[in-house]
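First comes the structure, then the notes that go with it.
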Amino acid sequence: MGRTKAEIHPSMASQHTATAQAAQPLTLDGVTHSYGTGFAVDNVTLEVKGGELVALLGPSGCGKTTLLRIVAGFISQTNGKVIIGDRPIDVLPPNRREIGIVFQNYALFPHMTVAENIAYGLAARGESRAVQAERVAEMLATVRMEGFADRKPRQLSGGQQQRVALARALAIRPRILLLDEPFAALDKNLRLDMQIEIKRLQRQFALTAIMVTHDQDEAMSIADRIAVMSHGKIEQLGSPVEIYDEPATLFVNNFIGSSNLLKGRVEAVGSDGYRVALESGAVWTLAAKGRFEAGAPVLVSVRPEQMVLADEAAPDRLPVALKLSLPIGGALIHDATAAGGEDIKIAVPRRPGALSTGPGAAFAALAPHARPSLFPAASS
Amino acid sequence: MSAAAAATGASPVRDAVEWRLAAPLGLTYVVFFAAPFLILLGISFYADAEQTRLGFDSWLKFYTDAFYLKVIFDTLKLGVFAVVATTILAYPLALVFRASSPRMQRVLIFIILMPLLTSVVIRTFAWIVILAREGVINQTLMGLGLTATPLNLLQTELGLVLALTQIEMPLMLLPLLAIMNQLDQNLIDASRALGASKWRTFFRVILPLTLPGWIAGATLVFASATTAFISQSVIGGARLVYLPALIWQQSMVVYNWPFAAVASLTLLFTVLSGIMALSWLGRFARTT
């Protein structure tokens, strides 16, 4: 609506459309939604930059889907504003928001062919048949589904339906792309392909996008930034690396990746960090973020790959009893019990041909450059 | 496909058991429907009321007389009107039902089913109280000063369609509600997000995808409205003649059984033609 239609040569389509409009930022300003007494979304403020893909990551019931539906206009929020560019869109019904959505189950219209599905949004905009046909061909080429125009959705595989759903959403030249658990229904092998595909299209069309997911790997792999949500709030917003390496809260720490939580006590606060005595027997000096007094009980979070195994005892090594060793991909995961009774997982790179080592006693130490996180113990 | 493959692989004993299970109903069907139907067909080829002479006289008399042709037409028209009226009322209600909470849905189902708990005769007589010259509608209209003289609603097609619409409503609603409730909300949301208005979404997505439910409902309403002897006779009275009343009159008053047989078969064909038209429409319901 209102925008000039780019002249499109099928092979040139992508480059053309990418520059046809500047990606617009999406701003959520204090968005709150309450059901009865509880908050589904609690005062969420988030700015998605133009052309950026932000993942809303969290367990089910954390409010991420509600937030997505608010942006799409299917739910009107109790409070707060949704702004695209510099224009609040809260008063607009869903059909005037120019937002493309890909649903978890794709929601392709079962009574229409692939071509009719893709043309649906164009027909709703009153585009001529010629424009519709041209755009359908262009979109089919974009998602590499030429030759499927006359198929019905039920004749397509999951991955193909996903591509058609993307083509349908992108055909209307949306200002914002919303992805609702886009990979949940796909086979594991197909997921990576589709993640690359979606990332490619999102870049190519320079789309501002929000993806809702409960799968951290999906979020990690394609999001520019991740907003980890819990109980209707954003717990942490940051790049995948930040979220993984420097979780702001214990919730984020536990939700992202796996980690060993070791109980300890701050012995001293020095210039090089906190000296923490672990209950399991080692003393570590950690340059972690946060403010802790000497004597404060803390939880030290160490990722399995941040630990190494050694044969000899040392003050900074904690004695562990190895139970199981599982070769998982390129790593060997040791399942061990620390002296304090805490279960610990240690991942070490597996040397080619090396088999799992048997049970026995060993000593676990921090790997070089490991940056464990510290959390107040009371918050657990 | 897989069922057929399984059947060919099954032992003949198992096949025999399946047939015997259907036998009681099948036998009943043969004795009480197929045989009487053949007798009826036979009787229709008697030329005179006393059934002494064979011939096509009854058929010719029925299908060359403008009065009887009008009866056929009126019966068809009544069925179509009932279907149209129930459709117009049922779709909005089905949309409301769909949007309701599960608890509200139970309440609505109860209200919808309530008319079925009273007999058609009682409901029909209730409509007399409502439609009569001194009835509820006329008293209200006259009380409001909207009309000076009472409207004639009894023994009119309008009154009959009104009553039939209420009486047949559950038949339209139940299949429609069932299919409406199964419709994936994401399809409606997808349509809206793609830029379609609520109306467009209704006509392009909701209507085509719920058409099978509507066809089931419309079939029931059509068959039931065209054969509603009690309602047609009590509300339509002597002024409006439909096929069921004609059959009754020919068989029980005039005692012209061959002619009544022709009328009966005509009613059967009338209902069948309606059902066939609806199922033909069903082919265009491209739901998959």
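A few comments on the model shown:
- Neighbour cut-off at most 11 other Cβ (10 Å), DSSP loop, GluC sites (Glu not before Pro), segment A:296-352: A:Glu312
- For A:Ser373, residues with placed amide H under 5 Å, excluding near neighbours: A:Ser301
- Rounded Å value of the spacing that divides the Cα centres of segment B:121-148 and segment B:166-197: 34
- Virtual spin-label span in nm between A:Ala22 and A:Tyr35, 7 Å along Cα→Cβ: 4.0
- For chain B, built as a Gaussian network whose Cα springs stay under 10 Å, the top-fluctuating residue of B:Ala34, B:Ala218, B:Ala245: B:Ala34
- Inter-label distance for A:Ala130 and B:Met276, nm, one decimal - labels placed 7 Å from Cα along Cα-to-Cβ: 4.6
- If you take all other residues with their beta carbon under 9 Å from the beta carbon of A:Pro174, and give Lys and Arg +1 and Asp and Glu -1, the sum is +2.
- Drop in accessible area of at least 50 Å² in the complex versus isolated chain, residues of segment B:143-191, 1.4 Å probe: B:Asn186, B:Leu187, B:Asp189
- In this structure, B:Val31 and B:Ser100 have a Cβ-Cβ separation that, at R0 = 45 Å, corresponds to a calculated FRET efficiency of about 0.45.
- Chain A: relative contact order in percent, alpha carbon pairs under 8 Å with at least 6 residues between: 15
- Surface analysis of chain B yields an accessible area of 56 Å² per residue, using protein heavy atoms and a 1.4 Å probe.
- Full extension of the chain between A:Ile83 and A:Lys233 gives 52.1 nm of extra length, using 0.36 nm per residue less the Cα-Cα distance.
- Per residue of B:199-206, other chain Cβ atoms within 10 Å of the residue Cβ number 2 on average.
- Local net charge near A:Gly159, Cβ-Cβ under 10 Å (Lys/Arg +1, Asp/Glu -1): -1
- Estimated at 0.36 nm per residue, the fully extended path between A:Gln204 and A:Lys289 surpasses their Cα-Cα distance by 26.8 nm.
- Residue-averaged beta-carbon neighbours from other chains (10 angstrom radius) around A:89-96: 3
- Rounded, prolate or oblate (a/c below 1.5 giving rounded, otherwise prolate when a/b exceeds b/c) for segment A:33-108 by Cα gyration tensor: rounded
- Given R0 = 45 Å, the distance between the Cβ atoms of B:Leu207 and A:Ala370 translates into a calculated FRET efficiency of 0.15.
- Gyration tensor verdict on the protein assembly as shown (Cα atoms; rounded if a/c is under 1.5, prolate if a/b is larger than b/c, oblate otherwise): prolate
- When the accessible areas of B alone and A alone are added and the area of the pair subtracted, with a 1.4 Å probe, the result is around 2000 Å², both sides summed.
The values are calculated or read from the model by the stated rules, or taken from the named source; none is laboratory data. None of these values were measured; they are calculated from a predicted model. Note: ideal-geometry Cβ built from the backbone for every residue, glycine included; neighbour counts use all protein chains shown. Ligands, DNA and RNA are excluded from the accessible area calculation, which covers all protein heavy atoms including side chains. Shrake-Rupley method; radii C 1.70, N 1.55, O 1.52, S 1.80 Å.
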